[in-house]
Amino acid sequence: MANILLVDDRPENLLALEAILESLGQTLLYANSGEEALRQLLREDVALILLDVQMPVLDGFETARLIKERRRTSAVPIIFVTAISKDEEQVFRGYSAGAVDYVFKPFNPDVLRSKVSVFIELHEKNEQLRRQAEQLKEQELAELRRESEERYRFLAEAQPDQIWTSLPNGELDYVNQRALDYFAVSFAELVESGWTQVVHPDDLGRMLDRWQIALATGEPYENDLRFRRASDGAYRWHLTRAIPMTDRGGAVVKWFGSNIDIHDQKRAEEAQRFLVDAGAVLVASLNYRSTLAAVAKLAVPRIADWARVDVVEAGRLRTLAVEHVDPKKVELAFELAQRYPESPDAEQGPPLVLRTGKSELATEISEERLEELAQDDFHLGLVRELGVQSYMCVPLVAHGELLGVISLVSAESGRRYDADDLALAEELARRAGTAVENAQLYREVEERAEAARVLETVGDGVLLVDNDGIVRLWNRASEEITGISRELIVGQPLGDLLPGWARVTTRAETMPLVRDGRERWVSISGVAFDDGVVYAFQDISDERALERMRQDLLATVSHELRTPLAAIYGSAMTLNRRDLEWNDDLKARLLNVIVDESSRLTTIVNDLLLASQLDGGRLDVHIESCDALGLAESVAAAARTHLPDGVQVELGPVAEGVPPVAADEAQLRQVLDNLLDNAIKYSPAGGDVRLGVEAATGGVRFTVADAGLGIPAHEQERIFEKFYRLDPDMTGGVGGTGLGLYIARELVRRVGGRIWVEPNSDQGSVFSVEIPAVPEPDVTHMGQKTVLRS
Ligand code: ADP
């Protein structure tokens, strides 16, 4: 039944049309405007439109144009129904708007009906044709589909991989021959078991879970699974993938799947991962025994069911570690090793590797072989229990020396070791060997670093000279003692920077060392080794100086004491003689000698005492205000009482009004006494000695000038050292202890003053002593003494 759309703005016209067309038995649709007609056409398929021309808003022509514009309705025939015009122009307009015919009112119902019938018939014919075409297309499509299916099966059969398809519920509906051959099952068997017979039991649960999820969600499926290869019973890793084919509505119509053998790739990846992990374990410890034990642990179960590490001790193997996932089995292995120790001459296993240094690979151990190896039935029983299937033993080498043997055994996993596995085990052993070498190296480096740290902190100079006489090591103490930096000396011949040192031997000896123009002394001794000699040396300058000083003291003191003692002794002996006639004058002279020499002895002893007090910091200093000029006058007067011939003591230059000085008067007097005594003593040819007092910045300067022997410029500092005396040739044989100037300098220092010597203008020397003045504001209070402990 076809739809006929009647369009007219007048209901009575529509009614009239209905009355005429009803009898045709078609479905009549009504529209009372152009817009309504367009709306109806959106909803319904229409075979013919009867369109009134004269309508308000959208007239018939305009409506026809819009209908023709729409793709879906452009072919629908339109008959214009009109009463208004019959002129040609109108008719032309109607046809150009897409009309197939015109019916003019009032119309003959029969004519209208027969016109409409023609169009309906035409429409039905068209419909029939369309349906036929569609059917044809479907048939063709089905054929095509069948062909394409055949083609993809063909393709699938040609593939090197396993290809399969399944129904939306997961049931297999096709498996290529390659897969069937691989599993050695028929298609029907495989459909029946749905893979469960051929997947590794450990992977089965995961397979079912993921497959169920994929079936439920329609998401692609992917899994890594081990499938059992029928030819050798080995489980090999496969990548299994399936993607769903869906219809237009998105429903799954089929699953297309493949299993790709990735075993070798996966094993290579696993081996790599294992080696990386092993590397981390190997560097973790520097104790190689614990390291090797850790390697055994790591190997189980990843590459072996059993792992054993033996190390060579005194030429024999000792088992260091045994690993198995089940601790009970480890006990069993130990029991076996204890009851049936491996013979060092064994033709297999670790003893063989120890003897040959080469790896051993046993891919498959047959029952016969087991029986052959077993020593008795009990032994066979134990070995069977261990379930050894396949094993490999590799040597562990470090520094070119065989250190032990790593054994990897496969049992319950059913794995058969092949050449690739052996290569992995050898790589593991090689890395373990390197780790052991590194650990040893590290220890050596540590020890060396430790030694270097010690060398840097010891107080002794340590140097290493190689067999070519080149300095290779120069520690910090060496730098400090010699003042030579290591940058300067390391790599140079020792004798270049330290002439004289080139001839040092391993014998202990004392060597001079000139540094900053001054001589120092070191005691050096060496130990020879293959690559050269290591020397150690100490700076003994201070000890040596002390020793020298002690010797000087002994020499000086004994000499200085002996002279007055000899004089006293001689005088006393003379006085004691009974055979001589004594006059009073002679007696008095001899007694005078005794008195003078005794007082000289006292002076020497006092000086020694004072020097030792100064050294020990035990001398009290009483600072007070002293009259500088008065003191100078008094010292000069005292000196004049015992002047030798040809020497005069004068005051001068003397300035009036010099300020009082802050000093310990008795000590200052001793200083000036000593300077005057020296001036007199060292003027053997006579001459003027002048004691001057002048103001100086911040204090007063005393000067003692003589025209005596004078002091060479380079000795002007040293004469202030303890016991230091000029060469006897320069002092004209004048005696002394060498303590006077030392004491003078120390006393002057303690009151904040200074002492020095310069040559006198013509001849002799000028000693100057500067003492600080009493601070101004305190002058009035200076009667009090300040006691200082020096
Ligand atoms: P001593 O006079 O007992 O030897 P000193 O310490 O007083 O000791 O003097 C140290 C040395 O300085 C003397 O041995 C002497 O060689 C030298 N000396 C000191 N005063 C003079 C001087 N006025 N002229 C020349 N030499 C001097």
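The values are calculated or read from the model by the stated rules, or taken from the named source; none is laboratory data. Being a predicted model, the structure only gives us computed values, none of them experimental. So basically every Cβ, Gly included, is an ideal-geometry build from the backbone, and we count neighbours across all protein chains shown. Just the protein is used for accessible areas: all its heavy atoms, side chains included, with ligands, DNA and RNA removed. Shrake-Rupley method; radii C 1.70, N 1.55, O 1.52, S 1.80 Å.
Results for (1) more than 17 Å from Ala398 (Cα to Cα); (2) over 39 Å from the mean Cα position of the chain (by Cα); (3) aliphatic (A, V, I, L, M); (4) assigned to a helix (DSSP H, G or I), shown as yes or no for each residue.
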position	(1), (2), (3), (4)
Ala296	yes, no, yes, yes
Val300	yes, no, yes, yes
Val309	no, no, yes, no
Thr319	yes, no, no, no
Ala333	yes, yes, yes, yes
Leu336	yes, yes, yes, yes
Glu342	yes, yes, no, no
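With respect to being more than 13 Å from the ligand (Cβ to nearest atom), open to solvent by less than 30 Å² (accessible area, probe 1.4 Å) and either of a type outside the set (A, V, I, L, M) or more than 18 Å from Gln667 (Cα to Cα) (or both), Phe723 falls outside the description.
Condition (residue is part of a loop (DSSP other than H, G, I, E, B), over 29 Å from Arg548 (Cβ atoms), more than 60 Å from the chain's Cα centre (by Cα) and aliphatic (A, V, I, L, M)) applied to the range 718-740: is it met by at least one residue?
no
So, Val57, is that one over 60 Å from the mean Cα position of the chain (by Cα) and open to solvent by 60 Å² or more (accessible area, probe 1.4 Å) or not?
Taking the combined requirement at face value, the residue satisfies it.
For Pro728, the requirement of being open to solvent by 20 Å² or more (accessible area, probe 1.4 Å), within 10 Å of the ligand (Cβ to nearest atom) and without any contact (Cβ under 8 Å) to a residue 12 or more places away in the chain is met. Restricting the range 1-17 to residues that are out of contact with any Leu (no Cβ under 6 Å at 6 or more places or on another chain) and not small (Gly, Ala, Ser), the residue that is nearest to Arg43 (Cα to Cα) is Met1. Pairs, please: C-beta under 6 Å, at least 6 apart or cross-chain, first residue open to solvent by 10 Å² or more (accessible area, probe 1.4 Å) and within 12 Å of the ligand (Cβ to nearest atom) and in the range 739-756, second of a type in the set (Val, Ile, Thr) and not in a helix (DSSP H, G or I)? Pairs found: Arg745/Ile755; Ile755/Val769. Taking the range 696-705 as the range and being open to solvent by less than 10 Å² (accessible area, probe 1.4 Å) and either more than 8 Å from the ligand (Cβ to nearest atom) or part of a helix (DSSP H, G or I) (or both) as the test, the residues that pass are Gly699, Val700, Phe702. May I ask you to verify whether Val734 is open to solvent by less than 40 Å² (accessible area, probe 1.4 Å) and touching a strand residue (DSSP E or B) at 6+ places or on another chain (Cβ under 9 Å)? Against the criterion (open to solvent by less than 40 Å² (accessible area, probe 1.4 Å) and touching a strand residue (DSSP E or B) at 6+ places or on another chain (Cβ under 9 Å)), Val734 does not qualify.
The rows are residues; the columns are (1) open to solvent by 50 Å² or more (accessible area, probe 1.4 Å); (2) at pLDDT below 85.
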| residue | (1), (2) |
| --- | --- |
| Arg431 | yes, no |
| Leu441 | yes, yes |
| Gly459 | yes, no |
| Pro493 | no, no |
| Pro499 | yes, yes |
| Ile524 | no, no |
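Considering the conditions (1) without any contact (Cβ under 8 Å) to a residue 24 or more places away in the chain; (2) within 30 Å of His714 (Cβ to Cβ), Asp516 is excluded by exactly one of them, (1). Can Val405 be described as of a type outside the set (Lys, Arg) and out of contact with any Pro (no Cβ under 8 Å at 6 or more places or on another chain)? No, not satisfied. Assessment of the range 408-428 against the conditions (under 15 Å from Val295 (Cα atoms) and not in a helix (DSSP H, G or I)) yields at least one matching residue. For the range 7-106, the helices (runs of 4 or more DSSP H) that sit wholly inside it and include 2 or more residues that are touching a residue at least 40 places away in the same chain (Cβ under 8 Å) are 11-21, 60-69.
In summary, Val693 fulfils each of the numbered conditions (1) surrounded by fewer than 22 Cβ atoms within 10 Å (Cβ to Cβ); (2) away from the ligand (no atom under 13 Å from the Cβ); (3) part of a strand (DSSP E or B) with the single exception of condition (1). The residue list Gly532, Gly483 contains one member that is on the phi > 0 side of the Ramachandran plot and either exposed (fewer than 14 other Cβ atoms within 10 Å of the Cβ) or β-branched (Val, Ile, Thr) (or both), which is Gly483.
When you check Gly708 against the structure, is it more than 16 Å from the ligand (Cβ to nearest atom) and either modelled with pLDDT under 95 or out of contact with any strand residue (DSSP E or B) (no Cβ under 9 Å at 6 or more places or on another chain) (or both), yes or no? So Gly708 fails the test. Somewhere in the range 636-651, is a residue more than 16 Å from the ligand (Cβ to nearest atom), among the small types (Gly, Ala, Ser) and under 16 Å from Arg701 (Cα atoms)? Scanning the range 636-651, I find no residue that is more than 16 Å from the ligand (Cβ to nearest atom), among the small types (Gly, Ala, Ser) and under 16 Å from Arg701 (Cα atoms), so the answer is no. Just one of the numbered conditions (1) in contact with a Leu (Cβ under 9 Å, 6 or more places away or on another chain); (2) within 23 Å of Glu222 (Cβ to Cβ) is not true of Ser186; which one? All conditions are met except number (2).
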